[in-house]
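**Q** Attaching a single structure in structure tokens format; questions to follow.
The values are calculated or read from the model by the stated rules, or taken from the named source; none is laboratory data. Computed from a predicted structure; not experimentally measured. Reconstructed Cβ throughout: ideal geometry from the backbone, glycine too, with neighbour counts over all protein chains shown. Calculation scope for accessible area: heavy atoms of the full protein, side chains included, ligands and nucleic acids excluded. Shrake-Rupley method; radii C 1.70, N 1.55, O 1.52, S 1.80 Å.
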Amino acid sequence: MSHVFPRHTKAITPIADKGDGCYIIDTAGKRYFDGSGGAAVSCLGHSDPEVTAAIKAQVDKIAFAHTGFFTSAPAEELADLMIEHAPEGLERVYFVSGGSEAMEAALKLARQYFLEIGESQRHRVIARRQSYHGNTLGALATGGNAWRREPFAPMMIETSHISPCYEYRGREDGETAFDYGQRVANELEAEIQRLGPENVMAFVAEPVVGATAGAVPPVDGYFKRIREICDAHGILLILDEVMCGMGRTGTLFACEQDGVTADILATAKGLGAGYQPIGAMLCSGKIYDAIESGSGFFQHGHTYIGHPTACAASLAVLKKLTGGLVERVTPLGEKLQATLTEAFGQHPHVGDIRGRGLFRGIEIVEDRATKAPFDPKRGINKALKKAAFQAGLVCYPMGGTIDGVKGDHILLAPPFIMTDDQIDEVTGKLVTAFSEVF
């Protein structure tokens, strides 16, 4: 009998025993292609010798030193490399242990920034429906994932949610993609006016929406309009790149492709590639200067922030990403998109195949013409997950794609080291799963 508290008490999962490149091997010897990188984490696969060597070398020197007393060489070097490659204006890095912690830190820093500059009335956060920003209470409240929020709603801060930029579902007949993006972006202006600009602290968004909606990219011009609105009212733009960042969409930072930068940016997952738990919050020099010239103390922290071993692992990962590996992502992503389109583009139950780089989503529908989803009671996403797993493919199906209740999708986020042959393998195993479910 296991004494581990699992994610689902009624599910029996195999024991992961070894990693071999893009594959996870269980104790029975079965090989699974990691087509979702866990949860868009394992961008380097599971057996990178340079990263494991960096971890071992750091442990041999010192495993842990509390940041209340010390900094460390890996943390300093990692921060330097991140800022060297970060969008213009981001100047400081605050290391944490994962994505939810990064988003909590972002929200608290935004609030403290306004306290430091004498605008204490600013506290309201605006985000988007069908977003996900983490499972801690502040991040969960900010996110728009309805079913995750519901049980804990009485415990959460009040947050406003506007429409997502979800072209497949939201763009009207006769409306250009650009005009659609401007229309939904302008909902932010309307909500700011409703709340009172003087009360609004931040707008939070994923550049490419991940788990909740399935690799939904923005249309051209959307984020530039969002940036304009935030600037006009002195509101901070917080970009959540926990899932879509660190090269996943084809550039190190996902927002680069939309020509905008954040005031505060959160990243994790691919930052450590799964070799150690790590995340980071990056902030602008303006925000850091407000703290530094004011109280000097960010009233936040966790025991393991800036963990030297985690930073050493992440530094090895980031050197590989910035050393040319990210350049593989866009062409591989285009091949993956083309192969998926060839296999599923005319499938009667596939409505949309979308994404950027090696971050792709397949939206499942009951009727292609009307875009009508399956009855949630059918549990289509669960059936596809099970069938793909049996076929030896780890993918990331989810339900509630449209509104938190209706809709199904599959998210793919394979390692950046995958080959063309493995693109065919992923697609073939998905075909097998679809054949079984449908």
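**Q** Listed residues Ile192, Ile229; which is in a helix (DSSP H, G or I), touching a His at 6+ places or on another chain (Cβ under 6 Å) and either more than 13 Å from Ser131 (Cβ to Cβ) or not polar (S, T, N, Q) (or both)?
**A** Ile192 is the lone residue from the list that is in a helix (DSSP H, G or I), touching a His at 6+ places or on another chain (Cβ under 6 Å) and either more than 13 Å from Ser131 (Cβ to Cβ) or not polar (S, T, N, Q) (or both).
**Q** Inside the stretch 178-189, can you point out the residues that are open to solvent by 30 Å² or more (accessible area, probe 1.4 Å) and touching a residue at least 12 places away in the same chain (Cβ under 8 Å)?
**A** Phe178, Gln182, Asn186, Glu187, Glu189 - these are the residues of the stretch 178-189 that are open to solvent by 30 Å² or more (accessible area, probe 1.4 Å) and touching a residue at least 12 places away in the same chain (Cβ under 8 Å).
For (1) under 20 Å from Gly245 (Cα atoms); (2) part of a helix (DSSP H, G or I), each residue gets a yes or a no:
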site: Val4; (1), (2): no, no
site: Thr9; (1), (2): no, no
site: Gly38; (1), (2): yes, yes
site: Thr52; (1), (2): no, yes
site: Gln58; (1), (2): no, yes
site: Arg92; (1), (2): yes, no
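**Q** How about the stretch 337-357: which of its residues are assigned to a loop (DSSP other than H, G, I, E, B) and open to solvent by 30 Å² or more (accessible area, probe 1.4 Å)?
**A** Gln346, His347, Pro348, His349, listed by residue number.
**Q** Moving on. Tally time: how many residues in the stretch 135-172 are of a type in the set (S, T, N, Q) and within 18 Å of the chain's Cα centre (by Cα)?
**A** 4
**Q** Glu256: of a type in the set (Asp, Glu) and open to solvent by less than 10 Å² (accessible area, probe 1.4 Å), yes or no?
**A** Spelling it out, it is not the case that Glu256 is of a type in the set (Asp, Glu) and open to solvent by less than 10 Å² (accessible area, probe 1.4 Å).
**Q** To continue, here is another question. Within the stretch 292-305, is even one residue within 25 Å of Gly19 (Cβ to Cβ) and buried (at least 20 other Cβ atoms within 10 Å of the Cβ)?
**A** no
**Q** Would you be able to say whether some residue in the stretch 110-120 is modelled with pLDDT under 95 and surrounded by fewer than 19 Cβ atoms within 10 Å (Cβ to Cβ)?
**A** No; the residues of the stretch 110-120 include none that is modelled with pLDDT under 95 and surrounded by fewer than 19 Cβ atoms within 10 Å (Cβ to Cβ).
**Q** Right, something else. Within the stretch 99-132, count every residue that is on the phi > 0 side of the Ramachandran plot and touching a helix residue (DSSP H, G or I) at 6+ places or on another chain (Cβ under 9 Å).
**A** Residues in the stretch 99-132 being on the phi > 0 side of the Ramachandran plot and touching a helix residue (DSSP H, G or I) at 6+ places or on another chain (Cβ under 9 Å): 1 in total.
**Q** Something else about it: Does Thr370 satisfy being of a type in the set (Ser, Thr, Tyr), surrounded by fewer than 16 Cβ atoms within 10 Å (Cβ to Cβ) and part of a loop (DSSP other than H, G, I, E, B)?
**A** Yes.
**Q** Those residues that are in contact (Cβ under 8 Å) with a residue 24 or more places away in the chain, part of a loop (DSSP other than H, G, I, E, B) and open to solvent by 10 Å² or more (accessible area, probe 1.4 Å), I need them from the stretch 375-394; list them, please.
**A** Passing the criteria: only Ala391.
**Q** Can you tell me which residue is farthest from Glu189 (Cα to Cα) among those in the stretch 200-214 that are β-branched (Val, Ile, Thr) and in a loop (DSSP other than H, G, I, E, B)?
**A** Thr212
**Q** Take Thr401 and tell me if it is touching a His at 6+ places or on another chain (Cβ under 6 Å) and under 19 Å from Glu363 (Cβ atoms).
**A** It is true that Thr401 is touching a His at 6+ places or on another chain (Cβ under 6 Å) and under 19 Å from Glu363 (Cβ atoms).
Rundown of residues vs (1) open to solvent by less than 10 Å² (accessible area, probe 1.4 Å); (2) without any contact (Cβ under 8 Å) to a residue 60 or more places away in the chain; (3) among the aromatic types (Phe, Trp, Tyr), yes/no style:
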position	(1), (2), (3)
Phe203	yes, no, yes
Asp220	no, yes, no
Ile226	yes, yes, no
Ile229	yes, yes, no
Met243	no, no, no
